[in-house]
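Comments concern the structure below.
The values are calculated or read from the model by the stated rules, or taken from the named source; none is laboratory data. Worth saying up front: this structure is predicted, and the values here are computed from it rather than measured. Neighbour counts run over all protein chains shown; Cβ positions are idealised from the backbone, glycine included. SASA here: full protein model, heavy atoms, side chains in, ligands and nucleic acids out. Shrake-Rupley method; radii C 1.70, N 1.55, O 1.52, S 1.80 Å.
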Amino acid sequence: MQDDIRASLDDLAIRWETPKGRELKKLVIADARNNAGRGISGILKDFMYVKEVPHGCDLRCVTLDGEDLSNCIFGKVDMSWASLAGANLSRSDMRKSNLKRANLSKADLSMGRFDNTDCSRGDFTGSTLDGTHFREAKMNGAIFVGATAARASFDSCNLAKANFREADLDQANFNNADCNNANFDSGALDRLAAQPAKAWGLRWDMAKDDFEREVGLKSMTSRATKKFKGLDVLLQQVQALKDQMDSGGSSSASPIPPVPTKKSSGDDMVFGATLRGTRKLRPVQEELVDFVPRMGPDAKRKPPEGGRRPPPPRTGRVRGGRPTGPQRRATGPQRPPTGPQRSPTEPHARGGTGPQRRQPPPTEGGPRPTGRS
């Protein structure tokens, strides 16, 4: 039933902190280290919301902060919105993976393979990227503030609106890269091993907030390091439970904080779907009123039995400021005729033939009159 509804970010994050989710994370890491990640889809086949990812390698919103993932091969996995802060990913292989908006701050990615990955709007703040390969990766809007990327390869990458403020780019390869509207330190491009192919609209030495606001990424990249509300509550409860177990379950131990509840406002989430609810409306008093169409003075007449209602008479509606219909001549005061009146038998002056002469009757034996004198 849960797979039929699109999961929210809170649902995807909380599932990894359940007992089953913690067990599956250990199995996934072991498979990536020993089996090159070929069994990840089989491990997660019965997990929640996995059917939303076509290939089944669903690691969305997974929390692997500080984990040792060195020399691991994950293959084509979906790790969007994942949290890998402080993790050791040196010499790891994540080619063709989805790391969209993942949190990789202060992580060690040295000598890693991230070719053809989607790292758009990812957070690499303070991370180590020495010799890391990002060939043909999608990294638009990514954050590299304070990162060490010496000798890293960004060959043919999409780095539009990326932020390299205070980043070490000594001998980095930007061959055929798209760096439009990116942010660099002054003189940073002079230390590159290869210049980018597209570099118009560059910003220099801009602060992070000012740069994101200017290029329109303030509302986007600020969510890359966001902590999910439901996950924070669950982690607090787990930590309180551990403290209580360590203290031997004595009464002096701090109680588990309850889950904060709030009055339903109609926008609560249930399995990732919005709970709309119903609105209580005032009852409507129905009145039995005979329907009488307003179609003229004869509208109240009943239609003839077995036939159609006759069309209403034309009532002289005004069109263009002038009355129409049979009442056109009856509206307004009648003006008296002025000027000489023409006789009804008098022919018109234009197009007429004039009065006809009356000819005398013909006489017997005489010639027929021709009308000429």
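A few points about this structure:
- Modelled spin-label separation between Leu241 and Lys51, with each label point placed 7 Å from Cα along the Cα-to-Cβ direction: 2.8 nm.
- Entries in Lys26/Lys208; Lys76/Lys198; Lys51/Lys198; Lys20/Lys96; Lys138/Lys208 that, when Cα-Cα distance is taken, lie over 32 Å: Lys26/Lys208; Lys51/Lys198
- Sulfur and carbon atoms: percent of accessible area, region 10-96 [1.4 Å]: 48 percent
- FRET efficiency, 1/(1 + (r/R0)^6) with R0 35 Å, evaluated for Leu27 and Asp232 via beta carbons: 0.85
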